[in-house]
Every structure is written in C-alpha cells, then in structure tokens.
1. Give segment 263-295 a look and list any residue that's polar (S, T, N, Q) and surrounded by fewer than 15 Cβ atoms within 10 Å (Cβ to Cβ), or say none.
2. List pairs: first in segment 409-425 and of a type in the set (Phe, Trp, Tyr), second assigned to a loop (DSSP other than H, G, I, E, B), Cβ under 6 Å, 6+ apart or cross-chain?
3. Kindly evaluate Glu766 against the criterion of being assigned to a strand (DSSP E or B), surrounded by fewer than 18 Cβ atoms within 10 Å (Cβ to Cβ) and not polar (S, T, N, Q).
4. Taking only segment 359-381 into account, find how many residues are out of contact with any Gly (no Cβ under 8 Å at 6 or more places or on another chain) and not small (Gly, Ala, Ser).
5. Given the residues Ala469, Ala448, which is the only one that is open to solvent by 10 Å² or more (accessible area, probe 1.4 Å) and more than 30 Å from Pro91 (Cβ to Cβ)?
6. Restricting segment 298-320 to residues that are aliphatic (A, V, I, L, M) and within 39 Å of the chain's Cα centre (by Cα), which is most open to solvent (accessible area, probe 1.4 Å)?
7. Which of (1) open to solvent by less than 10 Å² (accessible area, probe 1.4 Å); (2) among the aliphatic types (A, V, I, L, M); (3) without any contact (Cβ under 8 Å) to a residue 60 or more places away in the chain does Ile833 not meet, given it meets every other one?
8. Regarding segment 252-262, can at least one residue be identified that is open to solvent by 10 Å² or more (accessible area, probe 1.4 Å), in a loop (DSSP other than H, G, I, E, B) and of a type in the set (Val, Ile, Thr)?
Amino acid sequence: MYRWARFSMAGLLAGFFWCCAARCDELVPGDVPPFRLRARVVLAGRQPPQGKGFRFGFSVSPQRVTAQESAWSDWLSFGPSEIEATLKGYPAIYLRGYPVVVKLHVADAVDPTVVEAELNFEESAEVFRLKGELFGPALGILVWRNADKKPQAATMAEYNRRYWKELESVQIPAELRPRRFLLVDRFIGGDDDRIAWREGIEQLNRAGFTAIMLPPSETIRQLLLPTGTRRTSWAVYCPPGYAFDFDPKFGGDSLKDWAVQQAQPYRQAGYAPEDMAIFALSDEPGWYYPRALRELQAQPTAMARFREYLKSQGLSPADVGAASWDDVQPIGRSQATDPVRRRLFYWTMRFFSYDSARYFADATRALEEAFYPGMPIFTNWNFFSGRFYVPGPVANNSDKDSPDAAMGGHDWFEFARLRGGTMLWTEDWFSDAQAYQWSFYCSKLRCAARKGGVNFGGYVIPRTAGDRADGILQKILCITGSGGKAIKYFVFGPEYNFPGNCYSERAQVLAKMAEAHRMIGAAERLLWPGQRPPSDVAILMPRSAQVWDAKDQPIARGIEDATNTQLNRHTVDYMAEVFDLYLALQHANIPVDFVEEDDLNLEGLKAYRVLYVTAPNVPVEHQRGIVQWLQAGGTLVTVTGALQADRYDEPCRVVSDAVGFREKPRERLIVSDTRSLPVVARASLPDGSFEAVGVRGFLEQQPDGDLIVFDDGTPAVVEKAVGQGRIVHFTWLPGVAYWCSWRQTKDRLPVGFSEVIRGLIIRPVEQAGVVRPVETNHPLVETPLLQSEAGVAVTLLNWTGEPIDELLVKVRVPFLVKSVESVRLGKLHFTTIGNGIELRLPLGSADILLIE
C-alpha cells in the first residue's frame, strides 16, 4: 500500500490530491522557528509526585533537564541542531512540510502521568501552554506557521481537533449503525498521550466504523471499549519470505510460530481471538524476473516442487526438452524460442503464481489456527487489470537490461481456488471521477471468490476522494451493493504520523463516509445476507495470452499493471477491451460475471447464455469446450484477434473451423492510451454511425451469415448460427471504441458515450433472450441486486453525473412483495407486475431499495 508503487501514481492523481497547503513547499532548517520549552509533572499515577524527580528531553537531542516533584524544569532549547536532526528523520523526510513533529520524552513516567509544558518561540513573546496525560514516556508536540507566518505549537491531541470539526454534525443513531459489515479505519496516535488516543478513537467511532485498527496495547484497548466497539484489525507487509517459501525455513512450524507471534500480543492486551475483525496478510505482492528464477534455482526443495508441478500438468521431461527431471530448469521469456521451450516457459510462469498462492494458503491456515477459523484474511492486489505476468523491466526491477525482465503476481481465480485468503481484495487509489470502476473490480473479485467459497472487499482510499460531492459514497455503496462484505479505509492517520498515505488533511470526506455507513446500517438486514445471483452473461478473464504479450520485443516495453488504475493506458488491446466491454454492459445495466479458462467447458458455462472473449490465446481443450457450449445453444461474442492461438502461442483453428470463418493473423496492439488511437474504419447504420479505432481485423474469406459492414464494404460484425447457438464476431474492438466515444463529463464522470456502439455490444445479450433482473428507463444507472431468504436489496448507482427527477425501476423477484423501502425516502408505493414490481422515485447519486 505504501511502497514504491504508491508514489508512481502521484502524476496520475495530480497535486490536487496529494499536496495539502502545508506540504507544498519543502521545509529547510531556516523555516522552522527555534523555541525553548520547560515542563513539569502534575500527577504521577494519579497522585501528586511527592518525593519524585523527573528528566525531560527531546528525542533528537542528548540534552536533559530535571525537575523535582511538581516544580518546573529548566528550559530546554530546540535550536538549529535539533531542527536539522528532526528534518532528517521520520516523519519529516516524507512529510516535507508543516507541522514539524517534536517528541518530548519524560523519563520515569508512570501510567498515568499528567505533564504540563510551556513553549516560547524565539521570535515571539507568546507562551503556548501544553498538557498531556501519558501512559508512556512520549508527548507529541507539533510546530507550524499559520497563514500569517506566525509560529504555532500544540500537542497532537489539540492539533487533531481541527479534523473532528468535520464530524460535529454527524450522528448515526444506534439502530442505523452497521453491525455486521466490516468498516475499518485506523487512528495513528503517534505518541503516548491518552487524550490524543481517546479523542481519535471516539471521533472515528462517530462516523460508524465497526472496527478501529489499533496496536496491541491494553491501555489503548481500554480507550476503545467505551465507544461500544471492541474489534480491531492489523496488517503485516507480507508473510515470512515475502511471496514464497522457496527457503524451507519460512514454511512448516516456523510459519505457525510466526502466526502465533501475530496473535499473542493482542491476547496479552486483552483482546479475544474473535476481536481481530480482519487481518491483512500481504500488501501489493509482486516479484521480478529473472531474479525470481535465480531464487527458485537456488533452493533444492523449491526446485523439487517445481518439477512436481510440471508433472501434475501431465508433462514429461521430453515435453519440456530434457532427458530427465533433474535436467529441467525454469526459464525466462528469452529462451522460449521453439514449441518445446515455449511450453516450459509457459508453465514456469504459471508455477510462480501457483506456488505463491499455495504458500499464502498455508499462511492463512496458520493465522486461522492462531486466531480463529474463518477470520477475514486478505492479500491486497494492485495489478488492477488482473494480470499475473507483466513483460518488461517495470517498476523497481533491477534487471533493466535483461530480456527476461518481467513482473509476476497472483492469478486472482487460482488464488481463490487454493484459498490463499479467506477474503479477496484490491484497492482504488483513483479519484471519484472513476468511482464506477469499483463495479468492474467487484465483479472479478466476486466471481473469483466463489471458487474458494470466500468473500471479498477492498481498500477505499479517501485521500484520492472528494473531487465529487458523493463520489466516495458511491465507491462505498458500489462495493457493498455488489456483494462485498468488508471495506478498510486507507487510512485516516493523521498524515503527520504516516506521511504520503493518510486522508486527515481531507477530513471533509468523513461526513460522506458516515452517510454511506448510515445507509449500509439501514439496509444491513438485506445487504449482509444478500448474494449476487449468477448472471446469464460472462466475460472471459484472459490468462494464457499474458505471457506472449510483447513477445517480439527483445526487452518488453509498454505494459504496466501494478498501480495502474487507468485500464485504457499502458496496456494491450485485448485487456483494455475486457474493461471497456464490461463498461458498456454496466452502462446498459446488464450484470456480468467473469470466468477463467478452466471454466470453458459445458459444465463451467452451463449457467451462461452469452460469453464475450477477447483473449488471443486460449488452450486447445478449452477452445473445444467453447465450441461444445456454442453448438449446444450459447451465444459467443468475439472481437478481432480473439481465439487465434493456444496456450503455447501455436496457431489454433478449433473455433474458426467450427464457425466457418477466420481472421487473418495480426499482432496484438500495445497502447499507451486508447483515447489517442487513430480511427481505422467508419460505418453508417440506419440508427447512427460509429468509428472503429486502433486496429481492425480482416477475414480470410467472405463469410456467410448476417453482416454489418464498414463504409468501405468490409465486414464489421459477422453473426452466424452455429448448431443451436450463435457466433457474433466484431472485426474491430467495440469496447475500446465505446470508451473512446465519450466527449464530455458531468460532475467529472464521463458521459455522452456512443449509443450505437453500446447497442451493438449488448445486442447479442438481447438476442439471446437475457432478461435483466432490474430494468430502468435511464442508461448509466447501475442496479446491483443482492438476494437472500430475507428479501432483496437493490443498490441504485447513478453514473449520469446529474440527478434524475423520476427513475422508473422494474425489479424481478422470486416472491410476493409486501413492502418496498428506500433508505433515503422511506416507504415507497409500488405496483406488482408479472414476476416482480414496478416503482418510480427520484434518484440523486445513490440509494438502496429494500424489497421484502
């Protein structure tokens, strides 16, 4: 969450989000006002400090002064040497601006110690009187200059009260507070002042969080309990060994010992095991090739596991170019020069993702044993398009000149199948103008989570929010409305204690977060047990194709996934197409599932009427599965370049032979920004025109079937019956063209998309007889539905950028409806129609309907 990756996004988010007024100019020692300070202890252990002496000093200075009983100490000087040392240390080196964090240490303090201090700046006669109630030795003091450049000082507790003003009007009644959803934030006290910790915990609790992330301290736990909340959370950067247990010392009993070490401090602090609401196992894991190849080869135990993995794929040594298993070594992309070596390269890359997920599953089980079974445990992914392999020396790969340079990560579906966590997870780090993108993330997470019978959730990043009035509210409700059961906010802070990561300087978003929590609490009885019904429509998540991207480049360039929230930038055509097709279907309010290659058979596809495929590479056996499903009555939608080759990048005609036409081979397109792609063809239709961008395919022969043609007479869309099913093939990238078609924004949301292109994309769904579970009379209104025995919850998400005076909503439900309630408007009148209901209501940014 806070590694190199985070800072690479700053350019995308612009200084508006990243720089509060106090941080814009980097401090130098001459900016910081020198001061002197004296201190005294008023109470020690709740008693007057009779007969006791105390020593006071700054953490960056060896100078100490003493005081007896309640007498004032001599003056401590905080001058040039102390200022310079402070600015060279944490947090100043990352904060680079005001406030300057100073720590006053009180030796021999007992719990509680009430300390007072007087601070006087050299340039001012004003005396700042400070007070803290310490349970440890440190009192945090903040120094800054106000708008008039006058020096100011306050304890952390006093300084923080500027943040709490945003919550003065927030009041969530007990009956509307969420109880089941995990809504978690973190307060970082920064010192040992009970006042700062108590006020921070109390104030965040006002916003409706159901757990507060806190360190394992009995004292701090006692400050949490009066709020009515007893649950906390914790996070580690990674399990032992980072992403792998190649070295045997990281697995087995040592892993169990590590898990116990995570749990024991919380038990010693008085927490019950179940009080750990959620645990972050790893943050943004990823590894670099060829370094990972070398690390694997250096460990005999790991190499034995690698060879067993190849055996489990039905391979022999001869299949990968070796005389015996002892001769088989993992290889990088530069060595994939013939069919045999391509086979070995493919499975080498697959092994790393598999073996890491297996290890994370071991770590998850160890944590469950140390805490409790089923504890929410997640790994936070920042490969946002979902890649497990990114070619090229991206990010911090030190092997910049290696032809094998690449980055690896987890395959979300495989990770879920192996139960690498009990909850799947990603993060946003995008502005509110992209709030709708959570729908795409949630669909992938939800469908992957089904594989392991686990839940999903995500980090919402408030420091990138606030550019739209209700943007963060829409993000939150999109997650819970899509079936997510947990949200962690990264992270309140304050910023001066964890610079570069916190949203305390944008504390105004707390009120909107609290509003969303109130809405969740009002709808929790139906939201919490609710599950998204499987959709009739699916998109294939590309897998095999990833390892062949940029294959003709000696050192791959142009593709980035880690931290890249702009899914139409620095990517490859078929991956951008996945997101853009989803967006068009989302705008048409058509729920979408994601499937993986292993689902491509009659059993795996039996629930779906329509399947969209963009991937150039799909294994032969899975292409055969697609054909069987197609001939049995499915509708297959493909785009240019899809289904051209097998997992080893050998040409494959399984689908083209079945449907009776084939595209000429073409190179996949690596794009820096799809919106800069040129127009490659135009078409004029009775209901309007459209433009194809970037790349188009050409068929080897004129197909039979129904055609939509470009203005030059060449096929744009081919539709043809195949057995009992139907193939719809686009010789262009309709999703990318749809994304490129928006021409304006409202409330910073992209709008004005081509209705013609959207109509072409969704036409196969309509022709297949798919019925939406919820229909509205407005495009760009999304209505995720959750269903349980208790009833149905429908979250209304308005992506039009403006209020809708009257929205017509039709909901299909499998029961007789007795009541409908809006969490914003209360009871609603409705009409029973067929197998559902119809109603009308005004819609702002979002609402939740409760149907019982």
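1. Within segment 263-295, Gln264, Gln268 meet the criteria.
2. Hits for this filter: Trp412/Gly386; Phe413/Glu596.
3. On the way: assigned to a strand (DSSP E or B): no; surrounded by fewer than 18 Cβ atoms within 10 Å (Cβ to Cβ): yes; not polar (S, T, N, Q): yes.
Taking the combined requirement at face value, the residue does not satisfy it.
4. Going through segment 359-381 one residue at a time, the tally reaches 8.
5. Working: Ala448 fails: open to solvent by 10 Å² or more (accessible area, probe 1.4 Å).
Of the residues listed, the single one that is open to solvent by 10 Å² or more (accessible area, probe 1.4 Å) and more than 30 Å from Pro91 (Cβ to Cβ) is Ala469.
6. Taking segment 298-320 and keeping what is aliphatic (A, V, I, L, M), we get 298, 302-304, 310, 315, 318, 320.
Restricting the remaining residues to those that are within 39 Å of the chain's Cα centre (by Cα) gives 298, 302-304, 310, 315, 320.
Working: Ala298: 68, Ala302: 0, Met303: 8, Ala304: 51, Leu310: 0, Leu315: 23, Val320: 4 Å².
Checking each candidate, the answer is Ala298.
7. Going through (1) open to solvent by less than 10 Å² (accessible area, probe 1.4 Å); (2) among the aliphatic types (A, V, I, L, M); (3) without any contact (Cβ under 8 Å) to a residue 60 or more places away in the chain one by one, Ile833 breaks only (1).
8. No, every residue in segment 252-262 fails to be open to solvent by 10 Å² or more (accessible area, probe 1.4 Å), in a loop (DSSP other than H, G, I, E, B) and of a type in the set (Val, Ile, Thr).
The values are calculated or read from the model by the stated rules, or taken from the named source; none is laboratory data. Worth saying up front: this structure is predicted, and the values here are computed from it rather than measured. Because the Cβ atoms are built from the backbone with ideal geometry, glycine has one as well, and the counts that use them run over all protein chains shown. All accessible areas refer to the heavy atoms of the entire protein, side chains included, with ligands and DNA or RNA removed. Shrake-Rupley method; radii C 1.70, N 1.55, O 1.52, S 1.80 Å.
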